[in-house]
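As structure tokens, the structure follows; a few thoughts come after it.
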Amino acid sequence: MHGEDLKKLEVYIRVHFAIFPKIYGDTVAAQVKAMDALKEFFDDESDTLAEDKGILPLLALPFVADPLTHPTFYELFEVNTCISCLTTSNCIGKH
């Protein structure tokens, strides 16, 4: 794997763990904490991540009030999609 592929994998793993509490009905506090961690990662890495058109839509995830029903993000909450995101380089809208 190259550096760019590793960065994408890191993003998809962080997204998975950010939405995990919501998928499994964890407390609101846990859901907020997970999304805040993702937002902080995106804030730190935004210059690099914004260059990738596949990752670009994910940068909005922490700011969406209900990503579970949002047309761009609802697929992330399906278990098969979560697994697929970790094994492919195209996460949004490709499944």
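No value in this document is a laboratory result; all are computed from the given coordinates. Since the model is a prediction, treat every value here as computed from it, not as a measurement. Positions of Cβ are generated from backbone atoms using ideal geometry, with glycine treated the same way; all protein chains shown enter the neighbour counts.
A few comments on the model shown:
- As a rough footprinting exposure proxy, the listed residues Val64, Val28 were ranked by other beta carbons within 10 Å of their own, and the order from fewest upward is Val28, Val64.
- The HN-Hα couplings worked out from phi for the range 70-75 by the Karplus form 6.51 cos²θ - 1.76 cosθ + 1.60 (θ = phi - 60°) are 6, x, 7, 10, 4, 5 Hz, whole numbers, x standing for Gly and Pro.
- Relative contact order (%) - criterion: Cα under 8 Å, at least six apart; region: the range 3-87: 28 percent
- Sites listed here are trypsin sites (Lys or Arg not before Pro) in the range 7-74 whose DSSP assignment is loop and whose Cβ has at most 15 other Cβ atoms within 10 Å: Lys53.
- Modelled FRET efficiency - R0 30 Å, Asp36 with Leu6, Cβ distances, 0.05 increments: 0.80
- The range 1-69: GluC sites (Glu not before Pro) in DSSP loop, at most 16 other beta carbons within 10 Å: Glu51
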